[in-house]
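Notes for the one structure printed next.
The values are calculated or read from the model by the stated rules, or taken from the named source; none is laboratory data. These numbers were taken from a predicted model, which means no experiment stands behind them. With ideal geometry, Cβ positions are generated from the backbone for all residues, glycine too; neighbour counts draw on all protein chains shown. Heavy atoms of the whole protein, side chains included, go into the accessibility calculation; ligands, DNA and RNA do not. Shrake-Rupley method; radii C 1.70, N 1.55, O 1.52, S 1.80 Å.
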Amino acid sequence: MFGDNLSFGLVKLTEQTFFRSRETYVVSQNNMSIAEYFTQMKKLWDDYSSLIIIPTCPCGEKCKSFIAVHDLVQEQQIMQFLVGLNEAYKTIR
């Protein structure tokens, strides 16, 4: 599918990163409990995180850029989680 790997900023787009990222957007709770659903999402997020490069800074974890990237990733994960919840939880969304 990706004859040559494509690079966009910090993500080297390979077939593996594409499908792992896609999974985080299409998984839904279905008949899983909230705990089971969160566990599945956490595994997908961890797998995807292991495939991408998040830059480091000599400033350490107090660096404003590091904090901004970290916050962005967390916001994306919250949205992915909420989107996949069953309709019974639509008021939470």
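Among the residues of region 78-93, which ones are of a type outside the set (A, V, I, L, M) and either open to solvent by 100 Å² or more (accessible area, probe 1.4 Å) or farther than 12 Å from V27 by Cα (or both)?
Step one: filter region 78-93 for residues of a type outside the set (A, V, I, L, M), giving 80-81, 84, 86-87, 89-91, 93.
Of everything in region 78-93, those that are of a type outside the set (A, V, I, L, M) and either open to solvent by 100 Å² or more (accessible area, probe 1.4 Å) or farther than 12 Å from V27 by Cα (or both) turn out to be E87, Y89, K90, T91, R93.
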Practice item. Might you check whether a residue that is surrounded by 10 or more Cβ atoms within 10 Å (Cβ to Cβ), within 20 Å of R22 (Cα to Cα) and of a type in the set (S, T, N, Q) occurs anywhere in region 55-69? Key: no
Check your understanding: Residue check: is I34 of a type in the set (V, I, T), open to solvent by less than 50 Å² (accessible area, probe 1.4 Å) and within 18 Å of the chain's Cα centre (by Cα)?
Key -> no
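Table: residues versus (1) modelled with pLDDT of 80 or more; (2) among the aliphatic types (A, V, I, L, M).
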position: G9; (1), (2): no, no
position: F18; (1), (2): yes, no
position: V26; (1), (2): yes, yes
position: M41; (1), (2): yes, yes
position: R93; (1), (2): no, no
Exercise for review: Can you confirm whether region 54-75 contains a residue that is in contact with a helix residue (DSSP H, G or I) (Cβ under 7 Å, 6 or more places away or on another chain) and at pLDDT 85 or above?
Suggested key: no
